[in-house]
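*Asks:* Take this structure first; my questions come after.
The values are calculated or read from the model by the stated rules, or taken from the named source; none is laboratory data. Keep in mind it's a predicted model, so treat the numbers as computed, not measured. Every residue, glycine among them, receives a Cβ derived from its backbone with ideal geometry; neighbour counts consider all protein chains shown.
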Amino acid sequence: MFAAGPARYFEKKVAPILTRRCLSCHNNQMKDGGISFLDRDSLLKGGSHGPAVVPGKPGQSYLLRAIGYKDDVKMPPGIPLPAREVKILTEWIRRGAAWGRIGPQ
């Protein structure tokens with residue numbers, strides 16, 4: 001899964017999910033929940049619910065609770081992510097949540 005390197009995996013697999021599903025509400029202009037998904041530091045710091053991502057620890061990453069509809073906050077609102085996308089994000093966090101380019105290129 002990470003044969004091309006962690007940053008490449010992020011750019012090819014993770015960034016498209018975050019861009020398509022999260023950035024419309026979690027960007028530098030609109031920080032719903034007090035968090036932007038445009039940079040790794042923001043995800044590590046988190047927002048009103050604490051760290052969104054804890055590298056290497058999917059079980060402690062609030063992002064996965066929210067997208068798994070396992071908390072009061074359910075993201076994205078209305079329609080859960082497909083299991084395939086949840087698996088990609090879970091694996092990304094488990095492997096250390098490497099970062100790369102995100103957003104419109």
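*Asks:* Looking at (1) surrounded by fewer than 15 Cβ atoms within 10 Å (Cβ to Cβ); (2) among the hydrophobic types (A, V, I, L, M, F, W, C); (3) touching a residue at least 12 places away in the same chain (Cβ under 8 Å), find the lone condition where ILE79 falls short.
*Replies:* In the conditions (1) surrounded by fewer than 15 Cβ atoms within 10 Å (Cβ to Cβ); (2) among the hydrophobic types (A, V, I, L, M, F, W, C); (3) touching a residue at least 12 places away in the same chain (Cβ under 8 Å), ILE79 misses (3) alone.
*Asks:* Between a residue in the range 37-50 that is at positive phi and any residue that is part of a loop (DSSP other than H, G, I, E, B), which pairs come within a Cβ distance under 7 Å, given they are 6 or more apart or on different chains?
*Replies:* GLY46/ILE35; GLY46/ALA52
*Asks:* Go over the candidates SER48, SER36, SER61 one by one and state the one that is of a type in the set (S, T, N, Q) and touching a Gly at 6+ places or on another chain (Cβ under 8 Å).
*Replies:* Numbers: SER36 fails: touching a Gly at 6+ places or on another chain (Cβ under 8 Å); SER61 fails: touching a Gly at 6+ places or on another chain (Cβ under 8 Å).
Being of a type in the set (S, T, N, Q) and touching a Gly at 6+ places or on another chain (Cβ under 8 Å) holds for just one of SER48, SER36, SER61, which is SER48.
*Asks:* Give the number of residues within the range 24-37 that are in contact with a strand residue (DSSP E or B) (Cβ under 8 Å, 6 or more places away or on another chain) and either buried (at least 17 other Cβ atoms within 10 Å of the Cβ) or assigned to a helix (DSSP H, G or I) (or both).
*Replies:* Count: 6.
*Asks:* Okay, moving on. Among the candidates ALA3, ALA52, ALA66, single out the residue that is in a loop (DSSP other than H, G, I, E, B) and modelled with pLDDT of 90 or more.
*Replies:* Working: ALA3 fails: modelled with pLDDT of 90 or more; ALA66 fails: in a loop (DSSP other than H, G, I, E, B).
So the residue among ALA3, ALA52, ALA66 that is in a loop (DSSP other than H, G, I, E, B) and modelled with pLDDT of 90 or more is ALA52.
*Asks:* Right, something else. Would you check if LEU81 is in contact with a Pro (Cβ under 9 Å, 6 or more places away or on another chain) and either modelled with pLDDT of 90 or more or under 18 Å from ARG95 (Cβ atoms) (or both)?
*Replies:* No: the conditions fail for LEU81.
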